[in-house]
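Accompanying notes for the structure given below.
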Amino acid sequence: MNKKALITGITGQDGSYLAEYLLDLGYEVHGLVRRVALEDPQRRFTRISHLLEKITLHPASLESYPSIFHIFSQHNFDECYHLAAQSFVAESFADGFSTMNTNINGTHYILAAIRELRPECRFYFAGTSEMFGKVKEIPQRETTPFHPRSPYGISKVAGFDLTRNYREAYNMFCCSGLLFNHEGPRRGFEFVTRKITSTVARIKFGLASELRLGNLEAKRDWGHAADYVRAMHAMLQQPEPEDFVVATGETHSVREFCELAFAQVDLNYRDYVVIDGKHYRPAEVDMLVGDSTKAREILNWQPQYTFDELVKEMVENDLELTALQPRKLAASEI
Ligand code: F7E
């Protein structure tokens, strides 16, 4: 019998890569989506349009326990990957309340529904390097204490604690991946990597003349999302539920990302990047770099993409998209 998996956040970058990966492994893949998304498939399902014939989508809201309960009452899922969240850190400063509601209560509702209806369903929680925030050690590993620096980071620490508590209190198979930044051509335009690569493409085509950014000195451990979804799946195949750091072990500044992305089209970032105070955050996470030794040893996981390959793929993809639909990419306005 094929395994049955539910992915929340299936329309997002990670959800779409994970759905492809699980389908390739022979899974029956289900996705939880907002009702409004079902009403506007052309705009909302761009990342999964090629999968729509092969997956089953269920309308539900992370803010409504009954809607989540209903889905779990209808299907016997073997695995649940909880990826849905308000995941843009800057937005969590603008509206911390809705970020907390969605990210904390949404996680709690899913865990509670699983416990009530299908306690043997294995649960993956999308934890994040933002939980380390003002880092207590370099590199960060599973044992590094948390010090989140945004409502988003705080909401993820709460989700992590909920996940661990369900594991310890009810003996459920619940684990968290502590994933460092992971990017790729399907990344949302509001995140800095895609904002840079899409604007590089627009500048190259003469559709933009500058790129307005905030803090260029922030350092991140950037991997490729397609690599990271393999680790999510591997975590749920272990004999015991455990938490894992997933990272490349390399760190680069936003400035370095710019330098490489502009160089890809033979331009110098210094001629185009403009520092704009509005893109600075009230509290910044200055530097992240992960130690994923545990994932490499126990999950036998390692990233395939290098940093250079990641930047190259993103720039090339945005050059292609801009050539096809020059009006669509306007991330420079974000
Ligand atoms: O910012 C700096 C910004 O928004 C990266 C999410 O997936 O990864 C992501 O969170 C850095 C920050 O991602 C701009 O201040 C400068 O230092 O691309 P980002 P993030 O905040 O690291 C973690 C692992 C998650 O879990 C999150 O969900 O870039 N930066 N200038 C800028 N960032 C943005 N977005 N826009 C700028 O103009």
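Every number here is computed from the coordinates shown, using simple stated rules; none is lab data. In this text the structure is predicted, and so the values were computed from the model without any measurement. Note that we place each Cβ from the backbone using ideal geometry, even for glycine, and neighbour counts take in every protein chain shown.
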For the chain the mean separation of alpha carbon contacts under 8 Å (6+ apart) over residue count, i.e. relative contact order in percent, is 17 percent
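Using the eigenvalues of the Cα gyration tensor, what equivalent ellipsoid semi-axes result for the stretch 137-176 when each is taken as the square root of five times the eigenvalue, whole Å, largest first?
On the way: eigenvalues 92, 37, 8 Å².
Equivalent ellipsoid of the stretch 137-176: 21, 14, 6 Å, largest first.
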Could you give P(r) for the stretch 1-90, binned at 5 Å from zero, as whole percent values over all Cα-Cα pairs?
-> 3, 14, 27, 26, 18, 9, 2, 0, 0
Relative to the first principal axis of the alpha-carbon coordinates of the chain, what is the inclination of helix 151-170, with its axis defined by its Cα atoms, in degrees from 0 to 90 and to the nearest 10?
-> 20 degrees
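Out of the stretch 35-95, which GluC sites (Glu not before Pro) are coil in DSSP terms and have no more than 10 other C-beta atoms within 10 Å?
Details: sites: Glu39, Glu53, Glu63, Glu79, Glu91; in loops: Glu53, Glu63.
Loop-located and lightly packed - Glu53.
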Helix-only mean residue ellipticity at 222 nm for the chain, each DSSP H run of n ≥ 4 adding -39500 (n - 2.57), per residue, nearest 500 | -11500 deg cm²/dmol
Measure nothing but the geometry: give the 0 to 90° angle between the long axis through the Cα atoms of 13-24 and the longest principal axis through the Cα atoms of the chain, rounded to 10°.
-> 60 degrees
Taking R0 as 35 Å, what's the FRET efficiency between Ser98 and Gln238 from their Cβ-Cβ distance, rounded to 0.05?
-> 0.55
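Tell me whether the stretch 206-293 comes out rounded, prolate or oblate; compute the Cα gyration tensor, take square roots of the eigenvalues as a ≥ b ≥ c, and use a/c under 1.5 as the rounded threshold.
Values: a/c = 2.98, a/b = 2.08, b/c = 1.43.
Taking the square roots of the gyration eigenvalues as a ≥ b ≥ c, the stretch 206-293 is prolate.
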For Ser253 and His75, extending 7 Å from Cα along the Cα-Cβ vector and measuring point to point gives, in nm, a value of 4.6 nm
Of Phe244, Phe189, Phe132, the most mobile residue in a GNM of the chain (C-alpha springs, cutoff 10 Å) is Phe189
Please compute P(r) over all alpha-carbon pairs of the stretch 62-141, binned at 5 Å starting from zero, and give each bin as a whole-number percent.
-> 3, 13, 21, 20, 15, 13, 9, 4, 1, 0
Could you give the radius of gyration (one decimal) and Dmax (whole number) of the Cα atoms in the chain, in Å?
-> 19.4, 58
FRET efficiency estimate (nearest 0.05) - Cβ-Cβ, Gln42 to Glu63, R0 22 angstrom = 0.35
Expressed as an acute angle from 0 to 90° and rounded to the nearest 10, what is the orientation of the C-alpha long axis of helix 307-324 relative to the principal long axis of the chain?
-> 80 degrees
With springs only between Cα atoms under 10 Å apart, run a GNM on the chain and tell me which of Asp24, Asp227, Asp291 wobbles the most.
-> Asp24
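Sort largest first and round to whole Å: the equivalent ellipsoid semi-axes of the stretch 22-73, each the square root of five times a Cα gyration tensor eigenvalue.
On the way: eigenvalues 80, 54, 9 Å².
Those come to 20, 16, 7 Å.
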